[in-house]
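Novice: Got a structure for you, written out below as structure tokens; questions coming shortly.
Just so it is clear, none of the values below were taken in a lab; they were calculated from the coordinates. Owing to the predicted nature of the structure, the values given are computational and were not obtained by experimental measurement. A quick note on method: Cβ atoms are made from the backbone with ideal geometry, for glycine too, and the neighbour counts reach across all protein chains shown.
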Amino acid sequence: MAAHAAESGSFVPPMPERTAAALRRAIAMYTPKLLPDFEEHWKWAIADSYSATPLPAFVAFWWGEYAIARDPELDAHVHDLEYRAAYECTDTAEAKALLEEASKIRYRVRELEPGE
């Protein structure tokens, strides 16, 4: 997997293979702040359920979380949009527009491929 640089020249780690194990390794290596939540989610959604049925949804969710968190600028931007919508907006239309922008980013990162 090759890493790429963000527009500002900062290192952005590559997307891993699209498996829970590969995502866990990438999260542990590049975005360890996510690891406790990943592990907790794994425990109640997969391990404690003794079912692989929720695995595709689990991987899809964490794919997006890692894709954003691995790029500090993108992570800050998305969190800023969500924060402003929740705590600073007094206009419903403005808050909706901010959340729609954050949602579009979250939707776009789902399309990333391993290695990107």
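Novice: Using DSSP to call loops (not H, G, I, E or B), can you name the trypsin sites (Lys or Arg not before Pro) in region 15-116 whose Cβ has at most 15 other Cβ atoms within 10 angstrom? Please list the in-between numbers first.
Specialist: On the way: sites: R18, R24, R25, K33, K43, R70, R84, K96, K104, R106, R108, R110; in loops: R18, R70, R110.
Listed in order of number, the matching sites are R18, R110.
Novice: A further question follows. Hey, if you drop one equal point scatterer on each alpha-carbon of region 54-116 and run the Debye formula without solvent, what base-10 log of I(q)/I(0) do you get at q = 0.14, 0.24 Å⁻¹?
Specialist: Once normalised to I(0) and log-transformed, intensities are -0.45, -0.97.
Novice: Counting other C-beta atoms within 10 Å, which of I68, I46 has the fewest, and how do the rest follow?
Specialist: Details: I68 21, I46 17.
In order of increasing Cβ crowding within 10 Å: I46, I68.
Novice: Please give every one of the aspartates and glutamates within straight-line cross-link reach of K104, meaning a C-alpha to C-alpha distance under 15 Å, and leave out same-chain neighbours fewer than 8 residues apart.
Specialist: List returned: E65, D75, D80, E82.
Novice: Could you list S103, S10 so that the one with the fewest beta carbons within 10 Å of its beta carbon is first and the one with the most is last? The partial results should precede the final answer.
Specialist: Working: S103 13, S10 10.
Going from least to most buried by this count: S10, S103.
Novice: Hey, another quick one. Could you list F61, F11 in order of exposure, starting from the residue whose Cβ has the fewest other Cβ atoms within 10 Å?
Specialist: Numbers: F61 16, F11 12.
Result, fewest neighbours first: F11, F61.
Novice: Work through the residues other than A95 whose Cβ is under 12 Å from its Cβ and net out their charges, Lys, Arg +1 and Asp, Glu -1. Write out the running numbers ahead of the final one.
Specialist: Values: positive: R84, K96; negative: E82, E88, D91, E94, E100, E101.
Residues near A95 contribute -4 overall.
Novice: Separate question: So if we plug the beta-carbon distance of W44 and H79 into 1/(1 + (r/R0)^6) with R0 = 30 Å, what FRET efficiency do we get, rounded to 0.05? Please report the intermediate quantities before stating the final value.
Specialist: On the way: r = 24 Å, r/R0 = 0.81.
In this case the efficiency is close to 0.80.
Novice: Could you tell me which of F58, V109, A69 has its Cα farthest along the dipole of region 54-116 towards the positive end, charges placed at Cβ (Lys, Arg +1; Asp, Glu -1), taken about the Cα centre?
Specialist: F58
Novice: All other residues with a Cβ under 13 Å from the Cβ of D75 taken together, and with Lys, Arg as +1 and Asp, Glu as -1, what is their net charge? Walk me through the numbers on the way to the answer.
Specialist: Numbers: positive: K33, R70, R106; negative: E65, D71, E73, D80, E82.
That sum, taken over residues with Cβ under 13 Å, equals -2.
Novice: Let me ask another. Tell me the relative contact order for region 54-116 as a rounded percent, counting alpha carbon contacts under 8 Å between residues six or more apart. Mind showing how you got there, number by number?
Specialist: On the way: 29 pairs, mean separation 22.3, N = 63.
Result for region 54-116 is 35 percent.
Novice: Hey, what's the Kirkwood Rh for the chain if you take every pair of different alpha carbons, in angstrom?
Specialist: Details: mean 1/r = 0.0655 Å⁻¹.
Roughly 15.3 Å, rounded to one decimal.
Novice: Sticking with this one: Using only Cα atoms and rounding to the nearest 10 degrees, what angle (0 to 90) does helix 92-109 make with the longest principal axis of the chain?
Specialist: Here the helix axis deviates by roughly 30 degrees.
Novice: So if we plug the beta-carbon distance of S51 and S103 into 1/(1 + (r/R0)^6) with R0 = 30 Å, what FRET efficiency do we get, rounded to 0.05? Numbers along the way, then the final one.
Specialist: On the way: r = 29 Å, r/R0 = 0.96.
The formula returns an efficiency of 0.55 here.
Novice: Taking the Cα centre of the chain as origin and charging only Cβ (+1 Lys, Arg; -1 Asp, Glu), how large is the dipole, in debye to the nearest 20? Walk me through the intermediate numbers first.
Specialist: Details: 12 positive and 20 negative charges, 88 e Å.
The dipole of the chain has a size of about 420 debye.
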